[in-house]
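Here is the structure we will look at.
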Amino acid sequence: MGNCQAVDAAALVIQHPSGKQERMYWSIAASEVMKMNPGHYVSLIIPLPISDNGEQNSDNNKTTVRYTRVKLLRPSDTLVLGRAYRLVTTQEVMKVLKAKKHAKMPFTSWSP
């Protein structure tokens with residue numbers, strides 16, 4: 001599934017897990033989007049700088065890769081025009097939270 005980074009300033013884009021992209025032409029609360037899509041959280045897609053260590057661009061033989069970061073929004077946050085958002089399932093969020101919790105646990109040796 002690709003990332004939609006080209007968002008016009010007069011719309012906001014919501015990417016669904018199925019690949020569907022929904023455009024809205026007004027600001028909306030994250031809670032409203034979550035009500036319309038039960039079992040999902042809304043995340044902001046944050047594009048990171050392009051790196052020269054990755055995919056090859058056939059136009060000019062330069063190598064570029066676009067990385068993105070995803071930030072979960074609170075229900076009280078507002079989705080604004082000109083930004084791209086992604087719906088993330090509750091299961092995906094729980095899996096990441098469990099992995100983070102496990103990574104933060106201090107290592108203790110155990111012997112039988």
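Which one of Lys35, Lys62 is at pLDDT below 95 and among the charged types (D, E, K, R)?
Numbers: Lys35 fails: at pLDDT below 95.
The match here is Lys62.
Give the residues of segment 72-94 that are crowded, with 16+ Cβ neighbours inside 10 Å, touching a Phe, Trp or Tyr at 6+ places or on another chain (Cβ under 6 Å) and closer than 9 Å to Tyr41 by Cα, sorted by residue number.
Val88
In the set Val70, Val93, which member is touching a Leu at 6+ places or on another chain (Cβ under 9 Å), modelled with pLDDT of 70 or more and closer than 26 Å to Ala9 by Cα?
Values: Val93 fails: closer than 26 Å to Ala9 by Cα.
Step by step, each of Val70, Val93 is checked, and only Val70 is touching a Leu at 6+ places or on another chain (Cβ under 9 Å), modelled with pLDDT of 70 or more and closer than 26 Å to Ala9 by Cα.
The values are calculated or read from the model by the stated rules, or taken from the named source; none is laboratory data. These numbers come from a predicted model, not from an experiment. Neighbour counts run over all protein chains shown; Cβ positions are idealised from the backbone, glycine included.
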